[in-house]
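Asker: Sharing a structure with you now.
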């Protein structure tokens with residue numbers, strides 16, 4: 001039997017990149033997957049690819065920055081599948097730039113789409129996750145850069161997500177909910193865009209990866225998340241786990 005058979009998962013930002021890779025991997029392990037995001041056409045593409053592989057998925061248009069949209073999303077998932085066992089908070093707008101150049105709007109968008117959306121969605125899903133659910137939030141090694149120039153706002157919102165994760169892990173473990181956070185480095189569309197815009201910086205960064213390669217969205221990130229949500233990791237809770245070939249040292 002597949003490790004996530006009978007489980008229902010909700011993945012935000014599932015239309016492409018890391019979110020899509022996670023959705024593919026969860027479905028491959030037997031989970032029914034709700035795909036949430038702003039662009040329905042991308043979500044439907046992910047859904048079709050999952051169904052072509054023999055899985056089951058459901059696309060839900062959702063703006064994670066809007067509380068009503070998040071609430072409607074959770075209700076739609078539970079109505080469709082009758083349960084919700086796994087939550088993956090992946091969606092994130094990335095605020096990059098030097099402090100003097102970074103706008104309030106960009107920082108606010110990073111905050112609302114990242115830690116605030118994570119906070120809201122965890123609370124909305126809590127009643128459904130009780131008794132054996134799993135939450136996986138996404139942070140970033142940007143919070144560990146020795147030189148944070150141009151990355152401090154992004155690092156700040158991602159570090160807030162790590163703290164929310166730890167809090168949920170401590171407060172909700174007695175309710176049977178495990179909460180962990182991953183720090184992925186994957187060959188997503190976002191990373192490819194960053195590499196194209198800053199080739200020299202990207203080359204120098206990639207050279208610091210001990211395994212000398214960037215991870216794959218499904219094979220390296222998604223499959224780990226599927227394992228983390230399975231009974232194989234039933235005693236793993238409250239951890240920050242870097243999936244980056246050894247690049248970041250969390251101490």
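Asker: Shape call for the stretch 204-251 from the C-alpha gyration tensor, a ≥ b ≥ c root eigenvalues: rounded (a/c under 1.5), prolate (a/b greater than b/c) or oblate?
Answerer: On the way: a/c = 3.85, a/b = 1.68, b/c = 2.30.
Verdict is oblate for the stretch 204-251.
Asker: Please report the relative contact order for the stretch 106-251, taking Cα pairs under 8 Å with a sequence separation of at least 6, and give it as a percent rounded to a whole number.
Answerer: RCO, the stretch 106-251: 27 percent.
Asker: Where is the GNM fluctuation largest for the chain (alpha-carbon springs, 10 angstrom cutoff): 40, 102, 116?
Answerer: Comparing 40, 102, 116 in a Gaussian network model of the chain, the most mobile one is 102.
Asker: Using a Gaussian network model of the chain whose springs link C-alpha atoms within less than 10 Å, name the residue from 135, 22, 209 with the highest mean-square fluctuation.
Answerer: Highest fluctuation among the options: 209.
Asker: Mind grabbing the base-10 log of I(q)/I(0) for the chain at q = 0.17 Å⁻¹? Debye formula, identical points on the C-alpha positions, no solvent, two decimal places.
Answerer: -1.34
Asker: Could you tell me the distance between the Cα centroids of the stretch 123-140 and the stretch 1-62, to the nearest Å?
Answerer: 17
Asker: Right, next: For the stretch 22-168, just say rounded, prolate or oblate: build the C-alpha gyration tensor, square-root its eigenvalues into a ≥ b ≥ c, call rounded for a/c under 1.5, and beyond that prolate if a/b exceeds b/c, oblate if not.
Answerer: prolate
Asker: Now for a separate question. For a quick check, take a GNM of the chain with Cα springs below 10 Å and name the residue from 67, 115, 199 with the largest mean-square fluctuation.
Answerer: Ranking 67, 115, 199 by mean-square fluctuation puts 199 first.
Asker: Take every Cα pair under 8 Å in the stretch 36-182 that's 6+ residues apart, average their separations, divide by the length, and report that relative contact order as a whole percent.
Answerer: For the stretch 36-182, the relative contact order is 22 percent.
Asker: Arrange the peptides 163-171, 29-37, 190-198 so that the one whose residues have, on average, the most other Cβ atoms within 10 Å appears first.
Answerer: 29-37, 163-171, 190-198
Asker: Please label the shape of the stretch 100-196 as rounded, prolate or oblate, based on the square roots a ≥ b ≥ c of the eigenvalues of the alpha-carbon gyration tensor (a/c under 1.5 means rounded; beyond that, a/b larger than b/c means prolate, else oblate).
Answerer: Prolate.
Asker: In degrees, nearest 10, range 0 to 90: what is the angle between the Cα axis of helix 17-28 and the longest Cα principal axis of the chain?
Answerer: Relative to the chain, helix 17-28 is tipped by roughly 30 degrees.
Asker: With angles folded into 0 to 90 degrees, how steeply does helix 67-81 sit against the dominant principal axis of the chain? Use alpha carbons for both and round to 10.
Answerer: Once rounded, the angle reads 40 degrees.
Asker: Report the relative contact order of the chain, percent, no decimals, based on alpha-carbon pairs under 8 angstrom and at least 6 residues apart.
Answerer: Relative contact order, the chain: 21 percent.
Every read-out reported here was derived from the displayed coordinates using simple, explicitly stated rules and does not represent laboratory data. Here the structure is a predicted model, which means the values were calculated and not measured. Positions of Cβ are backbone-derived with ideal geometry, glycine not excepted, and every protein chain shown enters the neighbour counts.
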